[in-house]
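Notes to accompany the following structure.
The values are calculated or read from the model by the stated rules, or taken from the named source; none is laboratory data. In this text the structure is predicted, and so the values were computed from the model without any measurement. Positions of Cβ are generated from backbone atoms using ideal geometry, with glycine treated the same way; all protein chains shown enter the neighbour counts.
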Amino acid sequence: MYKNHFGFKHAILDKAVPTLWKNKQYDELLNQFNGLLSSPGVGLLTGHSGVGKTITLNHIIQHINPHQYKVMYNPETNLCQLEIYQNLAVSLGIEPSYRRSKLWRDIKETLLMLYDQASVLPLWIIDEAHYLPVDFFKDLPAFLNFKFDSKMPITIWLVGYPELSDILNRQSNEALRSRLHVRYSMKPLTHRDDFKQ
């Protein structure tokens, strides 16, 4: 009913929207996203609920080559750090170990195999990252140390609310913060003309 009243072609802000409004923020995020595909690293995407973080990333990954990139999306973050890595293992097709040392070794070997032998870049999107356990942020830099820190066979996007930036700015997370290649904050539409478009 409201669609007819306002002349909308589809439900506004619907998750199944067929196209996205490609504004300046979309273009900026797309450039940052592509940068992390060509030079793997860790990206941070923050914004308040409803600004379009997840739907924009979902739209972007629909247009990347599935033969070059293995996308793994993880929105379940209110878990212990072992379970998060076990979920990653399952996404990679690995039987997850209950011993962290073996789990990490299996995952890292698979990531290197994909990157070096199959020429596939794993892309791990961790949504709702503001709910990740504190220990995960402390451990992630060690997990990302491949061959004396000479190689990065995975791109990771940490996606969450603005407080995620505050978490990473803590002194205890300096090692992870130094590994961030990209920081992008999505802002809500505030101008009437932008919203009209």
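Look at region 153-170 and say how many of its residues are polar (S, T, N, Q) and either without any contact (Cβ under 8 Å) to a residue 60 or more places away in the chain or under 14 Å from residue 54 (Cα atoms) (or both).
1
Could you check, for region 88-108, whether at least one of its residues is touching a strand residue (DSSP E or B) at 6+ places or on another chain (Cβ under 7 Å), free of Cβ contacts under 8 Å to residues at least 60 places away in the same chain and under 20 Å from residue 135 (Cα atoms)?
yes
Looking at 77, 56, 46 in this structure, which one is under 21 Å from residue 159 (Cα atoms), in contact with a Phe, Trp or Tyr (Cβ under 7 Å, 6 or more places away or on another chain), at pLDDT 95 or above and among the β-branched types (Val, Ile, Thr)? Talk me through it step by step, then tell me what you get.
On the way: 77 fails: at pLDDT 95 or above; 56 fails: at pLDDT 95 or above.
Going through 77, 56, 46 in turn, just one is under 21 Å from residue 159 (Cα atoms), in contact with a Phe, Trp or Tyr (Cβ under 7 Å, 6 or more places away or on another chain), at pLDDT 95 or above and among the β-branched types (Val, Ile, Thr): 46.
Mind counting the residues in region 32-50 that are in a helix (DSSP H, G or I) and surrounded by 12 or more Cβ atoms within 10 Å (Cβ to Cβ)?
Step one: of region 32-50, the residues in a helix (DSSP H, G or I) are 32-38.
In the following step, the residues that additionally are surrounded by 12 or more Cβ atoms within 10 Å (Cβ to Cβ) were identified as 32-37.
Qualifying residue count for the region: 6.
Quick one: residue 148 ticks every box in (1) modelled with pLDDT under 95; (2) under 22 Å from residue 94 (Cβ atoms); (3) of a type in the set (Phe, Trp, Tyr) except a single one, so which number is it?
(2)
If you go through region 139-152 one residue at a time, how many are assigned to a loop (DSSP other than H, G, I, E, B) and either without any contact (Cβ under 8 Å) to a residue 40 or more places away in the chain or within 18 Å of residue 34 (Cβ to Cβ) (or both)?
Step one: list which residues in region 139-152 are assigned to a loop (DSSP other than H, G, I, E, B), which gives 144-145, 147-150, 152.
From what is left, the residues that are either without any contact (Cβ under 8 Å) to a residue 40 or more places away in the chain or within 18 Å of residue 34 (Cβ to Cβ) (or both) are 145, 147-150, 152.
Counting residues in region 139-152 that are assigned to a loop (DSSP other than H, G, I, E, B) and either without any contact (Cβ under 8 Å) to a residue 40 or more places away in the chain or within 18 Å of residue 34 (Cβ to Cβ) (or both) gives 6.
Considering every residue within region 66-84, establish whether at least one is under 16 Å from the mean Cα position of the chain (by Cα), part of a helix (DSSP H, G or I) and charged (D, E, K, R).
No; the residues of region 66-84 include none that is under 16 Å from the mean Cα position of the chain (by Cα), part of a helix (DSSP H, G or I) and charged (D, E, K, R).
Spot the failing condition for residue 154; the list is (1) under 26 Å from residue 64 (Cβ atoms); (2) surrounded by 15 or more Cβ atoms within 10 Å (Cβ to Cβ); (3) at pLDDT below 95, and only one is missed.
(3) is the only condition that residue 154 fails.
Do you know which of the residues in region 103-137 that are acidic (Asp, Glu) and in contact with a Ser or Thr (Cβ under 7 Å, 6 or more places away or on another chain) is farthest from residue 148 (Cα to Cα)? Show your work before the answer.
First, pick out the residues of region 103-137 that are acidic (Asp, Glu): 106, 109, 116, 127-128, 135.
The next check asks that each one be in contact with a Ser or Thr (Cβ under 7 Å, 6 or more places away or on another chain); those that pass are 106, 127-128.
Values: 106: 18, 127: 28, 128: 30 Å.
Checking each candidate, the answer is 128.
One line per residue, one yes/no per condition, for (1) in contact with a helix residue (DSSP H, G or I) (Cβ under 7 Å, 6 or more places away or on another chain); (2) more than 14 Å from residue 43 (Cα to Cα):
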{"position": "119", "(1), (2)": "no, yes"}
{"position": "125", "(1), (2)": "yes, no"}
{"position": "131", "(1), (2)": "no, yes"}
{"position": "141", "(1), (2)": "yes, no"}
{"position": "145", "(1), (2)": "no, yes"}
{"position": "150", "(1), (2)": "no, yes"}
{"position": "158", "(1), (2)": "yes, no"}
{"position": "163", "(1), (2)": "yes, yes"}
{"position": "171", "(1), (2)": "no, yes"}
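For region 109-132, which positions are touching a strand residue (DSSP E or B) at 6+ places or on another chain (Cβ under 7 Å) and either among the charged types (D, E, K, R) or assigned to a helix (DSSP H, G or I) (or both)?
Once the filter is applied, which keeps residues that are touching a strand residue (DSSP E or B) at 6+ places or on another chain (Cβ under 7 Å) and either among the charged types (D, E, K, R) or assigned to a helix (DSSP H, G or I) (or both), region 109-132 yields 111, 112, 114, 115, 127, 128, 129, 130.
Is there a residue being modelled with pLDDT of 90 or more, in contact with a Lys or Arg (Cβ under 6 Å, 6 or more places away or on another chain), closer than 26 Å to residue 163 by Cα and not in a loop (DSSP other than H, G, I, E, B) anywhere in region 85-102? Break it down stepwise before answering.
First pass over region 85-102, keeping only residues modelled with pLDDT of 90 or more: 85-102.
When the remaining residues are screened for being in contact with a Lys or Arg (Cβ under 6 Å, 6 or more places away or on another chain), the result is none.
The answer is no, given that none of the residues of region 85-102 is modelled with pLDDT of 90 or more, in contact with a Lys or Arg (Cβ under 6 Å, 6 or more places away or on another chain), closer than 26 Å to residue 163 by Cα and not in a loop (DSSP other than H, G, I, E, B).
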